[in-house]
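Student: Take a look at this one; I'll ask things after.
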Amino acid sequence: MGRFRGRMDEDLRIRGYSANTRECDLRGVRHVVGHFMCPPDQLTPEHIRQYQLYLTRDRHVSWPSFNQVVCALRFSYRQVLKKDWAVKQIPYQRTGRTLPEILSAQEVATPVPGHPQHQALRPAHDPGRRRPSRL
C-alpha cells in the first residue's frame, strides 16, 4: 500500500484537506486493505460491501465513523485509482438524527424551579395578578 498511500496523501494535500482528514482517510482505507489482505486496486465493490457489513454488524460503528470510511473509499477509488466502476455503489449510512422531544402545553407553562431565568419565564404582563402600587 506504500505507493498507493503516498499518492492518496498527495491528492488529498493538493485538494487542501486538513492533516486530520488526511490521517482519517488513510487510516480508513488502510483498515479496509488490512481486513482483506490484498492491495486496494484488487478490491471489488463486493469487498467494499462486505466491509460495510462488517462495520455495522460486528464493530457497531457510529454513522459518522461509517460515513468517514465511505468518503475515504469513494475518494481513493475515484481520484487515486481511477476505477471505472461507479463509486455510487458505495452507499452512505443514513444519519442517526432523532426528532426533538415535544413538550405538552402544561410542561411549557410550568416554570423550572431554581432556574436562573425562572422569573424571566413569566410573562411581562400578568392580568391575573396585581402589583402593589407605590404612593
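None of the figures in this text is laboratory data; all of them are computed from the coordinates on show. Given the structure is predicted, the values throughout are model-derived calculations rather than measurements. FYI the Cβ positions are ideal-geometry reconstructions off the backbone, even for glycines, and counts take in every protein chain you see.
Student: Looking at segment 63-75, is at least one residue part of a loop (DSSP other than H, G, I, E, B), more than 22 Å from G6 (Cβ to Cβ) and under 15 Å from the mean Cα position of the chain (by Cα)?
Tutor: No: segment 63-75 contains no residue that is part of a loop (DSSP other than H, G, I, E, B), more than 22 Å from G6 (Cβ to Cβ) and under 15 Å from the mean Cα position of the chain (by Cα).
Student: Could you tell me which numbered condition D25 fails, if it satisfies all but one of (1) touching a Ser or Thr at 6+ places or on another chain (Cβ under 8 Å); (2) in a loop (DSSP other than H, G, I, E, B); (3) of a type in the set (D, E)?
Tutor: Checking D25 against (1) touching a Ser or Thr at 6+ places or on another chain (Cβ under 8 Å); (2) in a loop (DSSP other than H, G, I, E, B); (3) of a type in the set (D, E), the one that fails is (2).
Student: Going by the conditions given, is G34 surrounded by fewer than 14 Cβ atoms within 10 Å (Cβ to Cβ) and under 21 Å from R59 (Cβ atoms)?
Tutor: yes
Student: Moving on. Give me the residue from segment 76-99 that is polar (S, T, N, Q) and outside any helix (DSSP H, G or I) and, out of that set, nearest to the chain's Cα centre (by Cα).
Tutor: So the residue we want is T95.
Student: Only one of these conditions is not met by Q50: (1) touching a helix residue (DSSP H, G or I) at 6+ places or on another chain (Cβ under 9 Å); (2) in a loop (DSSP other than H, G, I, E, B); (3) not hydroxyl-bearing (S, T, Y). Which number is it?
Tutor: (2)
Student: If you don't mind, another one. Give the residue that is nearest to Y92 (Cα to Cα), with candidates limited to residues of segment 1-53 that are within 24 Å of the chain's Cα centre (by Cα) and small (G, A, S).
Tutor: Across segment 1-53, the extreme among qualifying residues is G28.
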